[in-house]
Amino acid sequence: MAPKSFLPACLLAFTLQIFFFPPVSFSVSLLSNSNESSSMEGLIKLEVGCVNHPEDVSIVVSKGAVYTATRDGWVKYIILHNETLVNWKHVDSQSLLGLTATKDGDVIMCDNEKGLLKVSEEGVKVIVPNVSFANDVIEASDGTLYFTVSSTKYTPADFYKDMAEGNPYGQLLKYDPKSNQTTVLQEGFYFANGIALSKDEDFVVVCESWKRYWLKGDRNGTLDTFAENLPGGPDNINLAPDGSFWIALIKMNQTGVTAIQNCSEKWELLDAYPGLISLLLPMGSDGGARVVKVDGIDGKIIRDFNDPNATYISFVTSAVEFEGNLYLASLQSYFIGKLPLDAPNPELATI
């Protein structure tokens, strides 16, 4: 245990490191707000007060509805043509994260305590049990499920410890519904988060250090970089109708993350000053909101929406496109956001 008098000195050194001595190799884009970003001024709030901190959204095309899971255990959907909210199924859980619509109109979701759940008209069924910290899932056309585990060492409540330690405990897994077998495809991700399949289903993108895992062709079973130097930490990712991807970005102080990872007294420091986490990963109005669209081949940003002061929505964790609108989920909000994509001459975001 470090002497008490030593911790304030560590805190001072840590703060100076964050704000005054960023490393030369640090990418400024992780902290800045590009003046080329479009504002989220046109955002419409759907079902305000009726959706409790949704983390992810998914579209069931056959129903014309956007589905989400909430902190109070509800799986809900909004019928989009008349914006009617349906409280569909209740799950005995407060740890629901990513979800995906299946080709049959059911929903597969991640419960970071129970594993993968299937939610249908018949009820709720655990299909992949005993998986801790499952974060996001996607279904292929043949029914195969690909999903991420953020950390095999830390629980969701201790996610910041995974960040502070800075070691790769994340995984990419595959579930085959025909054999009922689960396989680990890849390990060594630094907090594996969102997941999406390419339009041709030849690779899957995992949100972390931006790698894509090839499923077909000569590169089957290999890993490479898809996108890097994004203006924030990637959370959930969803395939767009044109084959590109929408990514929800979280504001992260990468300099601060590096500083705490390199701090020899980091555990004592975090125990004594838990508020340090808000410097590394600001939420609410401090975190703002940002969503980018990246090309489906080279990962380059082709659209950018930013609400740096959380004027309209804060801490967006998921974005999915449907019929000319972008539907947004946020762990800090009580609504689903609807952002029209065809607004003429969108204003630039305020820096």
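Tell me whether segment 322-330 contains one or more residues that are open to solvent by 10 Å² or more (accessible area, probe 1.4 Å), more than 18 Å from the chain's Cα centre (by Cα) and acidic (D, E).
The answer is yes; a qualifying residue exists.
May I ask you to list the residues in segment 71-123 that are among the aromatic types (F, W, Y) and open to solvent by 40 Å² or more (accessible area, probe 1.4 Å)?
W74
Out of the residues in segment 331-340 meeting the condition of being surrounded by fewer than 24 Cβ atoms within 10 Å (Cβ to Cβ) and touching a strand residue (DSSP E or B) at 6+ places or on another chain (Cβ under 6 Å), tell me which one is modelled with the lowest pLDDT.
L331
Which residue out of L172, L117 is in contact with a Phe, Trp or Tyr (Cβ under 9 Å, 6 or more places away or on another chain) and of a type in the set (A, V, I, L, M)? Can you show your working first?
Numbers: L117 fails: in contact with a Phe, Trp or Tyr (Cβ under 9 Å, 6 or more places away or on another chain).
Going through L172, L117 in turn, just one is in contact with a Phe, Trp or Tyr (Cβ under 9 Å, 6 or more places away or on another chain) and of a type in the set (A, V, I, L, M): L172.
Checking the structure you have, find out if any residue of segment 271-281 is of a type in the set (S, T, Y), modelled with pLDDT of 90 or more and not in a helix (DSSP H, G or I). Before the answer, list the steps.
At the first step, the residues of segment 271-281 found to be of a type in the set (S, T, Y) are 273, 278.
Applying the additional criterion that residues be modelled with pLDDT of 90 or more yields none.
Scanning segment 271-281, I find no residue that is of a type in the set (S, T, Y), modelled with pLDDT of 90 or more and not in a helix (DSSP H, G or I), so the answer is no.
For V126, only one of the following conditions fails: (1) open to solvent by 30 Å² or more (accessible area, probe 1.4 Å); (2) at pLDDT below 95; (3) not hydroxyl-bearing (S, T, Y). What is its number?
Result: V126 fails condition (2) only.
Please state which of the following conditions G256 fails to meet, knowing it meets all the rest: (1) in a helix (DSSP H, G or I); (2) open to solvent by 10 Å² or more (accessible area, probe 1.4 Å).
Going through the list (1) in a helix (DSSP H, G or I); (2) open to solvent by 10 Å² or more (accessible area, probe 1.4 Å), G256 breaks only (2).
Give me the pairs, please: first residue somewhere in segment 222-251 and hydroxyl-bearing (S, T, Y), second residue anywhere and open to solvent by less than 30 Å² (accessible area, probe 1.4 Å) and not in a strand (DSSP E or B), beta-carbon distance under 7 Å, and either six or more positions apart or on two chains.
Going by the 7 Å Cβ cut-off, the qualifying pairs are T225/W210; S244/G296.
Out of the residues in segment 277-315 that are open to solvent by less than 10 Å² (accessible area, probe 1.4 Å) and of a type in the set (A, V, I, L, M), which is nearest to K161 (Cα to Cα)?
My answer is L280.
Just for strands (runs of 3 or more DSSP E) wholly inside segment 86-177: which have at least 1 residues that are in contact (Cβ under 8 Å) with a residue 24 or more places away in the chain and of a type outside the set (A, V, I, L, M, F, W, C)?
Numbers: elements: 96-101, 107-111, 115-120, 123-129, 134-139, 145-149, 170-176.
In segment 86-177, 96-101, 123-129, 134-139, 145-149, 170-176 are the strands (runs of 3 or more DSSP E) which contain 1 or more residues that are in contact (Cβ under 8 Å) with a residue 24 or more places away in the chain and of a type outside the set (A, V, I, L, M, F, W, C).
Mind counting the residues in segment 164-190 that are in contact with a helix residue (DSSP H, G or I) (Cβ under 6 Å, 6 or more places away or on another chain) and surrounded by 15 or more Cβ atoms within 10 Å (Cβ to Cβ)?
Filtering segment 164-190 for residues in contact with a helix residue (DSSP H, G or I) (Cβ under 6 Å, 6 or more places away or on another chain) gives 164, 166.
Narrowing the set further to residues that are surrounded by 15 or more Cβ atoms within 10 Å (Cβ to Cβ) leaves 164.
Of the residues in that region, 1 qualify.
The values are calculated or read from the model by the stated rules, or taken from the named source; none is laboratory data. Computed from a prediction, not measured in an experiment: that's the story for all the values here. Positions of Cβ are backbone-derived with ideal geometry, glycine not excepted, and every protein chain shown enters the neighbour counts. Heads up: the accessible areas ignore ligands, DNA and RNA and are worked out on the full protein's heavy atoms, side chains in. Shrake-Rupley method; radii C 1.70, N 1.55, O 1.52, S 1.80 Å.
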